[in-house]
Amino acid sequence: QTHPFKPIFDQNSKILILGSFPSAPSRKLGFYYANPQNRFWRVLAQILNAPPPTSTEEKIKFLLARGIAVYDAAICCEIKGSSDAKMTAVVPANLEPIFSGARIAQVFANGGKAYEICKKYLEDEILKATKNAVIKLPSTSPANAKFSIDKLASEWSAIAETLK
């Protein structure tokens with residue numbers, strides 16, 4: 001599979017949230033975190049005291065208005081369905097266009113697999129661009145059922161603190 005979406009960022013983006021690779025529902029629906037069971041949009045809305053965006057256009061505006069860039073750590077991989085555990089033959093994303101086109105000060109990894117890819121392939125590039133190590137956040141995926149939305153929001157509040 002090759003990554004189907006462009007990164008979301010502009011020159012005002014201050015933080016970058018990297019997922020692992022789009023889920024099957026996201027690939028089918030054509031946007032990041034499109035699976036209605038994924039809590040990404042609800043968690044971001046909660047920690048930023050905003051209503052959750054619904055349409056793709058609203059989601060892009062929501063991110064850009066708050067200085068948030070979104071992309072994935074893998075640009076290409078072999079994957080069956082949506083399970084990060086089934087990702088093989090990972091090709092890391094090229095983050096250079098984001099780092100050269102925005103002022104990213106901190107990168108956050110949405111979940112363990114995204115963090116693992118960052119540490120294995122992207123760490124030097126991230127450190128060079130931001131002077132900060134990537135921060136691992138618990139996955140917003142429905143597969144991470146042990147984290148309630150409130151527990152996720154508590155962990156993800158690091159993003160709101162970084163944006164202040």
Note to self: Among (1) part of a helix (DSSP H, G or I); (2) buried (at least 18 other Cβ atoms within 10 Å of the Cβ), there is one condition K28 misses while meeting the rest; what is its number?
What the structure shows: (2)
Next item on the list: Scan region 38-55 and report the pairs whose first residue is within 19 Å of E161 (Cα to Cα) and whose second residue is in a loop (DSSP other than H, G, I, E, B) and of a type in the set (V, I, T), with Cβ atoms within less than 6 Å and a gap of 6+ or a chain change.
Entry: F40/T140; V43/T140
Check: Right, I79: under 21 Å from V134 (Cβ atoms) and not acidic (D, E) or not?
Finding: no
Notebook entry, point to check: Within region 134-158, which residues are aliphatic (A, V, I, L, M) and in contact with a Lys or Arg (Cβ under 9 Å, 6 or more places away or on another chain)?
Noted result: V134, I149, L152, A153
Notebook entry, point to check: Just checking, how many residues over region 145-164 are outside any helix (DSSP H, G or I) and buried (at least 17 other Cβ atoms within 10 Å of the Cβ)?
Noted result: 1
Check: Are any of the residues in region 80-103 modelled with pLDDT under 95, touching a Cys at 6+ places or on another chain (Cβ under 6 Å) and open to solvent by less than 40 Å² (accessible area, probe 1.4 Å)?
Finding: yes
Check: Any chance region 45-64 includes a residue that's β-branched (V, I, T), open to solvent by 50 Å² or more (accessible area, probe 1.4 Å) and not in a loop (DSSP other than H, G, I, E, B)?
Finding: yes
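The values are calculated or read from the model by the stated rules, or taken from the named source; none is laboratory data. These numbers come from a predicted model, not from an experiment. Every residue, glycine as well, gets a Cβ built from its backbone with ideal geometry; the counts of neighbours run over all protein chains shown. Surface accessibility is based on the protein's heavy atoms, side chains included, excluding ligands, DNA and RNA. Shrake-Rupley method; radii C 1.70, N 1.55, O 1.52, S 1.80 Å.
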